[in-house]
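First up is the structure itself, then whatever we jot down about it.
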Amino acid sequence: MKHKLTSIYKRLYSFFGKQYWWPGETAFEVIIGAILTQNTNWSNVQKAIAALKKNKLLSAGKINKLPPQKLAKLIKSAGYYNIKAVRIKNFLKFFFDNYDANVKNMSKGNLAYLRKQLLSVNGIGPETADSILLYALNKPVFVVDAYTKRVLLRHNLIKENADYHEVQNIFMQNLKHDIKLFNEYHALLVKLGKDFCRKNNPRCEICPLEEYK
């Protein structure tokens, strides 16, 4: 498995190049993006973040003071905006209560402890928690999403009923726990899923991983 995962990574990196993911000017922006990207595509998230920036509200303090209804209106493009506004508020309460809304303070925490904390916040599941840990807090944890599962399933590396942690453990147990590697690998799988290993009408015949099937 280690050889397969390493070979896949090398092929994808050679084919696509560096992905520069996660896009965000600050760690806090990355956190908000991770919450907003639930059940939507990144272009919709970008619009929501742009709206917050346009109104000069993209900070923990300013968003915390916003009424949920006002926040929901600003992030409408991200979909499920009322639910996501509540989830952002839930995170901010946790962020202020435990870390004085300071990303540096939070990043000093132990990975396992931080993950447990994040998963205790209503509305934050494993994928969102791990995205925050890896991309905002620089913790070596592999993020699993629908693209990851689809690629691994189609290459017979997981079973269809594999859950989040089963898929994650494949990477965590077979790759060096390196932040840059986990970051780039996940981004490359997302790129592959979007461009080739699509849910419908996959482009298998020209997929850069065709030989690994």
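The values are calculated or read from the model by the stated rules, or taken from the named source; none is laboratory data. Nothing here was measured: the structure is a model prediction, and the numbers come from that model. Every residue, glycine as well, gets a Cβ built from its backbone with ideal geometry; the counts of neighbours run over all protein chains shown.
Points to keep in mind about this one:
- Unmet requirement for residue 4, which otherwise passes all of (1) crowded, with 17+ Cβ neighbours inside 10 Å; (2) in contact (Cβ under 8 Å) with a residue 24 or more places away in the chain: (1)
- Only residues that are among the aromatic types (Phe, Trp, Tyr) and either closer than 21 Å to residue 103 by Cα or not in a helix (DSSP H, G or I) (or both) were counted across the range 48-86, and they come to 1.
- Out of 60, 129, 78, sole residue that is over 16 Å from the mean Cα position of the chain (by Cα) and either outside the structural domain of residue 182 (by TED's automatic domain parsing) or β-branched (Val, Ile, Thr) (or both): 60
- The residue of the range 7-39 that is nearest to residue 207 (Cα to Cα), among those that are surrounded by 14 or more Cβ atoms within 10 Å (Cβ to Cβ) and modelled with pLDDT under 95, is 21.
- A Cβ distance below 7 Å, combined with a sequence gap of six or more or placement on separate chains, defines the contacts here; from the range 60-71, residues that are closer than 9 Å to residue 85 by Cβ reach residues that are assigned to a helix (DSSP H, G or I) and among the charged types (D, E, K, R) in the pairs 68/89.
- Top-ranked residue in the range 51-80 [being polar (S, T, N, Q) and loosely packed, with under 13 Cβ neighbours inside 10 Å; ranked as farthest from residue 35 (Cα to Cα)]: 55
Conditions (1) over 16 Å from the mean Cα position of the chain (by Cα); (2) under 20 Å from residue 1 (Cβ atoms); (3) crowded, with 17+ Cβ neighbours inside 10 Å, marked per residue:
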residue	(1), (2), (3)
124	no, no, yes
147	no, yes, yes
176	yes, yes, no
205	yes, no, no
210	yes, yes, no
